[in-house]
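I have placed the structure first, in the form of structure tokens, so that the comments after it can refer back to it.
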Amino acid sequence: MVCYLSNTPLGHPMQQTWDQRLPIYQQLADLLAARLLDGDPPEGDAMPSVRALAGRYLLNPLTVNRALQALGDAGLLENRRGLGLYVMPGARARLRASERERFLATEWPRLRAHLRRLDIGPEQLRWEENA
Amino acid sequence: MDANLLVEARSLGVRYGAKRALDDVSFTIPKGRVVGLLGHNGAGKTTLLKALVGLVKPAQGELAVLGMNPLRDRVDLLEQACYIPDVAILPRWARVADLIGLMSGLHPRFSAARARELLRRTSVDPADKVKSLSKGMVVQAHLALVAAIDARLMILDEPTLGLDVLSRKAFYEMLIDEWCDGERSVLVSTHQVEEIEALLSDVLMLNEGKLVLSISLEDMDRRFVALSHDASVAEQVAAAHPLLRYRTGPGTAGNAALFDGAPAEQVMRLGQRVRPSLVDLFVALTRRPELDRTQF
């Protein structure tokens, strides 16, 4: 048995830092889904190619394929024969709905508990960023 | 031979005098893979890559590269396999455009148009003289020249050694984006393990001439289990005989252990399973005996 100090989880300047708890393809799928939610690329447009994504994120093309497959399975991308993957019409609305559901089910209870702990009420939360 | 296998090595052995540089090395490389070759200095990486292109004569075993015998069919082989050795240099006095002309004359499968297209991705201009380029630009130009060969296998020996982080990133971006098409394969040796881990589909690990691991990254994630755990349970984790124990950075439980195969359920419950990192696995499997005496 060897013992040493690992610096791997700190990530590396050359690339996106990937969380060690989740498969990388899953993290890439989440990252691409977040961009789709922001309209990048917009509905009806083509997704970047596997090779372009692999080059951009410095990932193996097989990993990129699995991530795109996951987005396809989630009904966000469609394969147009001979043309490649396109963003499905209605993808953003579907993403927003599932993200809202996830936020209300998992993030909000934690946030609410935190706000209670800090004794912050609704009247102290400003909704206008520059108010 | 299976047409899907670009490289097939069986019980390959290479000797330098009495020293065994490679000992009983067996592996295959199918098409469409990005294979990392890892090992300490002197582990046999360069010898293996040289054997693949017929620059070193094996003492034992069988070796087929693209279905050919590298020693006997070296000229034919180099038409379909590209190789950048660790000592690669481009002539300093030449202009990049001259090198494109030279390659067009030398190599039947080289495309000058493709080389110029690849160079447009870089900051290298065909009119530049090699001696005016930075080290990172020279390596980019070299990759552009080699990737313009219509080949099935690319063999790279420490291609990014001595380059700064942006040049290394640009190199790998071009390699993945312009070369990997699902049919061609790359075999790349490197010390910068953590940088290219996510790029790889497979890994070969050499230790003192022996192949200690040949596995796809997918199988690696299944076979090796890393357990992130709190210092308070360190003794119980150690009692389960991990391959390696290590400390981890901020934002983690602080300690981790690496197992070959999942340990017993009660051990798994002591922490959280995380993806094993290639660097940690490399340290566990290729340790040098003299460095092996440190204890927590």
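Computed quantities for the displayed model
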item: All strands (runs of 3 or more DSSP E) inside the range B:142-229 with 2 or more residues being farther than 30 Å from B:I100 by Cα; result: B:202-207, B:210-216, B:224-229
item: Entirely in the range B:15-127, the strands (runs of 3 or more DSSP E) that have 1 or more residues that are more than 13 Å from B:V146 (Cα to Cα); result: B:19-30, B:34-38, B:60-65
item: Single residue of the range B:129-171 satisfying the filter (under 15 Å from the mean Cα position of the chain (by Cα) and in contact (Cβ under 8 Å) with a residue 40 or more places away in the chain) that is farthest from the other protein chains (Cβ to nearest Cβ); result: B:D157
item: Within the range A:37-72, considering residues that are touching a helix residue (DSSP H, G or I) at 6+ places or on another chain (Cβ under 6 Å) and more than 19 Å from B:I176 (Cα to Cα), the one nearest to the other protein chains (Cβ to nearest Cβ); result: A:A70
item: Check on B:D73, without any contact (Cβ under 8 Å) to a residue 60 or more places away in the chain and more than 26 Å from the chain's Cα centre (by Cα); result: no
item: First in the range A:66-81 and farther than 22 Å from A:R96 by Cβ, second anywhere and aliphatic (A, V, I, L, M) and surrounded by fewer than 22 Cβ atoms within 10 Å (Cβ to Cβ), Cβ under 6 Å, 6 or more apart; result: A:N79/A:L85
item: Boolean, B:V186 is in contact with a helix residue (DSSP H, G or I) (Cβ under 9 Å, 6 or more places away or on another chain), crowded, with 19+ Cβ neighbours inside 10 Å and farther than 27 Å from B:K45 by Cβ; result: no
item: Among residues of the range B:253-291, those that are touching a strand residue (DSSP E or B) at 6+ places or on another chain (Cβ under 6 Å), surrounded by fewer than 21 Cβ atoms within 10 Å (Cβ to Cβ) and assigned to a loop (DSSP other than H, G, I, E, B), counted; result: 5
item: Filter pass, B:R10 being surrounded by fewer than 17 Cβ atoms within 10 Å (Cβ to Cβ) and in contact with a strand residue (DSSP E or B) (Cβ under 8 Å, 6 or more places away or on another chain); result: yes
item: Residues (surrounded by 10 or more Cβ atoms within 10 Å (Cβ to Cβ) and either assigned to a helix (DSSP H, G or I) or of a type in the set (D, E, K, R) (or both)) located in the range A:114-131; result: A:H114, A:L115, A:R116
item: Residue in the range B:174-195 that is nearest to B:T160 (Cα to Cα), counting only those that are facing chain A (nearest Cβ under 8 Å) and under 15 Å from the mean Cα position of the chain (by Cα); result: B:E195
item: Those residues of the range B:1-25 which are small (G, A, S) and within 13 Å of B:V65 (Cα to Cα), in sequence order; result: B:A3, B:A9
item: Residue in the range B:27-41 that is in contact with a Lys or Arg (Cβ under 6 Å, 6 or more places away or on another chain) and modelled with pLDDT of 95 or more present; result: yes
item: Residue identified as farther than 26 Å from B:A43 by Cβ and in contact with a strand residue (DSSP E or B) (Cβ under 8 Å, 6 or more places away or on another chain) among B:A147, B:A170, B:A115, B:A141; result: B:A147
item: Long-range neighbours under 9 Å by Cβ, at least six apart or interchain, first residue on the phi < 0 side of the Ramachandran plot within the range B:212-223, second among the basic types (K, R) and surrounded by fewer than 17 Cβ atoms within 10 Å (Cβ to Cβ); result: B:I215/B:R223
item: Subset of the range B:252-284 (residues that are among the β-branched types (V, I, T) and within 21 Å of B:D202 (Cα to Cα)); result: B:V274, B:V279, B:V283
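Yes or no, residue by residue, for (1) at pLDDT 85 or above; (2) aliphatic (A, V, I, L, M); (3) not in a loop (DSSP other than H, G, I, E, B):
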{"residue": "A:C3", "(1), (2), (3)": "no, no, yes"}
{"residue": "A:M14", "(1), (2), (3)": "no, yes, no"}
{"residue": "A:R21", "(1), (2), (3)": "no, no, no"}
{"residue": "A:L28", "(1), (2), (3)": "yes, yes, yes"}
{"residue": "A:L31", "(1), (2), (3)": "yes, yes, yes"}
{"residue": "A:L36", "(1), (2), (3)": "yes, yes, yes"}
{"residue": "A:G39", "(1), (2), (3)": "yes, no, no"}
{"residue": "A:P42", "(1), (2), (3)": "yes, no, no"}
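The values are calculated or read from the model by the stated rules, or taken from the named source; none is laboratory data. The model shown is predicted, which means the values in this text are computed figures rather than measured ones. Counting neighbours? That spans all protein chains shown, and the Cβs are built from the backbone with ideal geometry, glycine included.
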